[in-house]
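For reference, the structure is listed below as structure tokens.
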Amino acid sequence: MLLYFAVRYEDDVTSNTWDSHTTANNPLNGSNNQVYETWYIQLLNNWHTNDPVSDREILRNNEAYAFQGNRNPFIDHPEYVNTIWGNVLSNTDYSFNKNIKIYPNPSSLEYVYIKNIEDIQIEVFSILGKKLTKTSIKKSNHTLDISNFAKGVYLLKISNNQNSTIRKFIKK
């Protein structure tokens with residue numbers, strides 16, 4: 001709702017009718033292109049990621065549309081959060097290691113292999129950014145159990161002492 005507020009009223013936020021953005025604990029940043037302070041956008045993104053859209057929110061969005069004729073786009077398209085505020089939320093601290101292999105990809109099996117990197121930490125994220133698992137691996141070839149994952153696209157953050165890389169895999 002707060003992200004929808006920022007998009008819907010972004011041109012009005014800097015007008016004289018709004019409280020000063022300098023008030024203590026006020027998350028408004030005084031601009032009409034970001035609306036909120038960066039810390040607040042990060043907080044909202046954290047909530048957005050860790051509490052995905054529920055069936056109840058979809059129902060409420062449909063009912064609001066039937067009554068008012070407008071919808072909350074972040075209920076229909078949660079990916080819009082990164083599209084709009086991605087430059088504030090982005091992190092460029094990842095390097096690309098071409099030697100790492102993930103196969104089969106896409107996988108219809110209950111596992112994928114991760115090859116050519118050792119002494120690593122693996123974190124699996126949903127496409128919406130929710131962390132699903134975290135594990136440490138000492139050997140260079142590892143089988144990652146994906147049997148509990150639904151069909152979809154997942155991101156792996158693979159880290160060792162030298163660097164981190166992000167890889168995508170698909171479960172069919």
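If I model a spin label as a point 7 Å beyond the Cα along the Cα-Cβ vector, how far apart are those points for Tyr103 and Thr38 in nm?
Roughly 4.2 nm, to one decimal.
At what distance in nm do the modelled label points of Asp11 and Glu110 sit from each other, each positioned 7 Å from its Cα along Cα→Cβ?
Label-label distance for Asp11 and Glu110, simple model: 5.6 nm.
Applying 1/(1 + (r/R0)^6) with R0 = 25 Å to the Cβ-Cβ distance of Arg71 and Leu2, what FRET efficiency is obtained, to the nearest 0.05? Could you put the intermediate results ahead of the total?
Numbers: r = 16 Å, r/R0 = 0.64.
That gives a FRET efficiency of 0.95.
Along the Cα→Cβ direction, 7 angstrom out, place labels at Arg60 and Lys151. What is the inter-label distance in nm?
Calculated label separation equals 3.0 nm.
How much length, in nm to one decimal, is gained on full extension between Trp47 and Glu118, taken as 0.36 nm per residue of separation minus their Cα-Cα distance?
Values: separation 71, 0.36 × 71 = 25.56 nm, distance 3.33 nm.
That pair, Trp47 and Glu118, stretches by 22.2 nm at full extension.
A short reminder: the numbers here are calculations on the coordinates, not readings from a lab. Values in this document were obtained by computation on a predicted structure and should not be read as measured data. Backbone-built Cβ (ideal geometry, glycine too); neighbour counts: all protein chains shown.
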